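Undergrad: Quick one: the structure is below, and I'll ask about it shortly.
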């Protein structure tokens with residue numbers, strides 16, 4: 001399809017021109033739909049997705065297509081979708097947010113009508129100030145009716161800025177914990193992009209330097225997983241042998257021609273029942289991310305009253321939460337036992353609010369959230385995140 005080909009071409013162009021934004025775009029979920037007038041970011045599970053109107057996109061020049069995509073990427077990077085509900089006047093916020101980000105887009109890439117400071121000459125808006133600064137100045141002007149151009153925009157109903165940002169309405173109705181969960185996913189994508197760029201000695205955009213600096217120096221884990229897992233699974237490691245083409249020196253090996261590798265495969269059960277709060281799920285995601293850095297293979301089993309998902313954990317991908325019903329630990333335990341020697345240990349992230357399972361493996365560690373109390377009836381080792 002023409003619009004898909006155009007998107008692929010523009011993505012490559014953006015990678016060449018501005019590598020950070022190009023790579024960030026590649027990692028973002030995207031969908032063409034006529035359900036939006038132009039383009040916009042919408043909620044998708046616990047993450048986000050970029051929607052693009054194919055007819056609108058095909059009608060733009062390549063320069064303006066690039067500008068449109070960078071515009072949306074900047075909104076995502078600054079977290080405007082989850083911040084808007086903190087401001088009483090959403091329409092003013094939309095204008096303020098666009099004024100902030102459009103300053104980081106080259107003029108040749110901004111389509112006609114793109115929001116710029118020069119539209120409001122009476123307000124003497126400062127260069128490269130934040131959205132809050134612009135919102136406060138616009139709000140004061142709107143209150144006193146001092147800028148005709150602003151009043152004209154505010155008088156439009158269902159058109160312009162309000163319509164363009166209609167996809168943000170779903171974010172407005174979320175509670176703070178849900179917004180935090182989405183922002184964590186966005187931050188994870190930003191960090192992964194920054195890691196790739198810095199490894200290739202590329203530059204981080206100046207407008208994102210403060211955000212990226214914070215993400216590259218993340219909050220430490222609440223538990224020393226590397227040290228604990230070394231002790232916890234050390235006696236249950238799976239040993240693999242691989243025949244080498246070239247024989248090792250017999251003086252230094254009891255098994256010439258063999259390579260011995262020790263590998264641990266840990267099944268991590270995640271309690272996704274309704275009793276687990278969004279803050280607790282964020283805590284679980286944080287610990288899972290650190291757990292994955294220990295060198296062990298991690299498979300995540302999401303479960304409420306039934307096993308709803310089993311997949312190898314990939315920190316580079318969004319984690320779609322499934323379940324949210326009642327609670328039972330038995331399905332994960334049964335899955336572990338059915339797989340025989342596939343796993344070396346079971347770790348269960350939970351609030352502990354369920355009956356103990358039957359036939360629980362010896363190598364089981366129950367990790368209770370910081371908001372919960374330890375369930376002493378559960379078999380095996382038990383710890384609580386602090």
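Undergrad: If a residue must be crowded, with 19+ Cβ neighbours inside 10 Å and without any contact (Cβ under 8 Å) to a residue 24 or more places away in the chain, how many such residues does the range 12-26 contain?
TA: Here the count works out to 1.
Undergrad: Given 299, 294, which one is within 22 Å of the chain's Cα centre (by Cα), assigned by TED's automatic domain parsing to the domain that holds residue 378 and over 24 Å from residue 275 (Cβ atoms)?
TA: Step by step, each of 299, 294 is checked, and only 294 is within 22 Å of the chain's Cα centre (by Cα), assigned by TED's automatic domain parsing to the domain that holds residue 378 and over 24 Å from residue 275 (Cβ atoms).
Undergrad: Exactly one condition in (1) at negative phi; (2) crowded, with 20+ Cβ neighbours inside 10 Å; (3) free of Cβ contacts under 8 Å to residues at least 60 places away in the same chain is not met by residue 323; state its number.
TA: Going through (1) at negative phi; (2) crowded, with 20+ Cβ neighbours inside 10 Å; (3) free of Cβ contacts under 8 Å to residues at least 60 places away in the same chain one by one, residue 323 breaks only (1).
Undergrad: Consider residue 153 carefully, then state whether it is surrounded by 16 or more Cβ atoms within 10 Å (Cβ to Cβ) and closer than 24 Å to residue 63 by Cα.
TA: Numbers: surrounded by 16 or more Cβ atoms within 10 Å (Cβ to Cβ): yes; closer than 24 Å to residue 63 by Cα: no.
Considered against the rule, which asks whether it is surrounded by 16 or more Cβ atoms within 10 Å (Cβ to Cβ) and closer than 24 Å to residue 63 by Cα, residue 153 comes out as no.
Undergrad: Another question, then. Give the residues of the range 359-380 that are surrounded by fewer than 18 Cβ atoms within 10 Å (Cβ to Cβ), out of contact with any helix residue (DSSP H, G or I) (no Cβ under 7 Å at 6 or more places or on another chain) and modelled with pLDDT of 90 or more, sorted by residue number.
TA: Answer for the range 359-380, where residues must be surrounded by fewer than 18 Cβ atoms within 10 Å (Cβ to Cβ), out of contact with any helix residue (DSSP H, G or I) (no Cβ under 7 Å at 6 or more places or on another chain) and modelled with pLDDT of 90 or more: 373, 374, 375, 376, 377, 379.
Undergrad: Please indicate, with yes or no, whether at least one residue in the range 27-34 is buried (at least 17 other Cβ atoms within 10 Å of the Cβ), more than 20 Å from the chain's Cα centre (by Cα), at pLDDT 90 or above and not assigned by TED's automatic domain parsing to the domain that holds residue 284.
TA: yes
Each row is one residue, and each column tells you yes or no for (1) over 30 Å from residue 196 (Cα atoms); (2) modelled with pLDDT of 80 or more.
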{"position": "230", "(1), (2)": "no, no"}
{"position": "257", "(1), (2)": "yes, no"}
{"position": "296", "(1), (2)": "no, yes"}
{"position": "314", "(1), (2)": "no, yes"}
{"position": "331", "(1), (2)": "yes, yes"}
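Undergrad: Of the residues 93, 57, which single one is in the same structural domain as residue 32 (by TED's automatic domain parsing), assigned to a helix (DSSP H, G or I) and within 28 Å of residue 9 (Cβ to Cβ)?
TA: The match here is 57.
Undergrad: Still on this structure: If we scan the range 370-379, do we find a residue that is in the same structural domain as residue 280 (by TED's automatic domain parsing), closer than 21 Å to residue 296 by Cα and touching a residue at least 60 places away in the same chain (Cβ under 8 Å)?
TA: no
Residue-by-condition table, conditions (1) part of a helix (DSSP H, G or I); (2) buried (at least 18 other Cβ atoms within 10 Å of the Cβ); (3) modelled with pLDDT of 85 or more:
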residue	(1), (2), (3)
143	yes, no, yes
168	yes, yes, yes
174	no, no, no
193	yes, yes, yes
198	yes, no, no
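Undergrad: Which one of the conditions (1) without any contact (Cβ under 8 Å) to a residue 40 or more places away in the chain; (2) farther than 19 Å from residue 108 by Cβ; (3) assigned to a helix (DSSP H, G or I) does residue 31 fail to meet, given that it meets all the rest?
TA: (3)
Undergrad: Check whether at least one residue in the range 62-75 is free of Cβ contacts under 8 Å to residues at least 60 places away in the same chain, surrounded by fewer than 18 Cβ atoms within 10 Å (Cβ to Cβ) and farther than 29 Å from residue 133 by Cα, and report yes or no.
TA: Yes.
The values are calculated or read from the model by the stated rules, or taken from the named source; none is laboratory data. None of the values given here were measured: they were computed from a predicted structure. In this analysis, Cβ positions are derived from the backbone assuming ideal geometry, glycine residues included, and neighbour counts consider all displayed protein chains.
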